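What follows is calculated from the coordinates using simple rules that are stated; it is not laboratory data. Please read all numbers here as calculations on a predicted model, not as lab measurements.
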Amino acid sequence: MNVATLRTAVLEQAEVEAHAVLAEAESRALAEVDRARSEADTLLERGRIEGEIAGELETSRDRALAHRQARRLVLEARRDVYEEFRRRAHAAALALREGEGYGALLDRLRQAARDQLGDEVELEIDPPDAGGVRARAGRRRVDYTLPTLADRCIGALGGRLEGLWR
């Protein structure tokens with residue numbers, strides 16, 4: 001075998017090996033690209049899902065906040081209506097002082113205080129700020145002033161006050 005033939009054989013062998021190395025490298029590169037694409041697809045899908053979940057959570061928080069704010073407004077409005085109702089009831093009760101039957105009402109309240117606390121009761125009849133009767137016997141007290149009686153009447157309405165909110 002001469003040098004030229006040997007050289008040709010070595011070159012051919014080197015070319016075959018080079019093609020094999022290139023094919024292997026190309027195959028590994030394609031596999032790496034496929035793996036990277038798959039990983040990118042997975043990351044994108046995970047990001048999309050996490051974004052949807054975050055959006056749903058934000059929407060849920062916004063709804064809850066709006067619900068709480070609406071509930072607060074409703075409760076404030078109800079409180080305002082109740083306070084106005086109470087104010088008017090107090091005014092109507094105090095207006096009884098101007099009526100013809102107020103003296104008889106005071107007599108009944110005075111007697112109710114005596115019945116409750118006994119004959120040794122200290123009575124405050126028609127206090128300027130409240131009308132009605134306040135009574136005391138030792139540590140026991142009763143309050144039959146007009147605003148207090150109006151509040152008791154309102155309290156006795158119980159669930160019927162719910163009609164104010166409808």
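Below 8 Å, C-alpha to C-alpha, sequence gap of six or more: please give me the relative contact order for the range 118-161 in percent.
Relative contact order of the range 118-161: 26 percent.
Give the relative contact order (percent, whole number) for the chain; include only Cα pairs under 8 Å separated by 6+ residues.
It rounds to 15 percent for the chain.
Which one, 31, 113, 93, has the greatest fluctuation when you compute a Gaussian network model over the chain with C-alpha springs under 10 angstrom?
Among 31, 113, 93, the largest GNM mean-square fluctuation belongs to 31.
Please build a GNM for the chain, connecting alpha carbons under 10 Å apart, and tell me which residue among 74, 121, 16 fluctuates the most.
Highest fluctuation among the options: 16.
Starting from the eigenvalues of the Cα gyration tensor, five times each then square-rooted, give me the equivalent ellipsoid semi-axes of the chain, largest first, whole Å.
Result for the chain: semi-axes of 102, 16, 9 Å.
Most fluctuating residue of 35, 71, 134 in a GNM of the chain with Cα springs under 10 Å: which is it?
35
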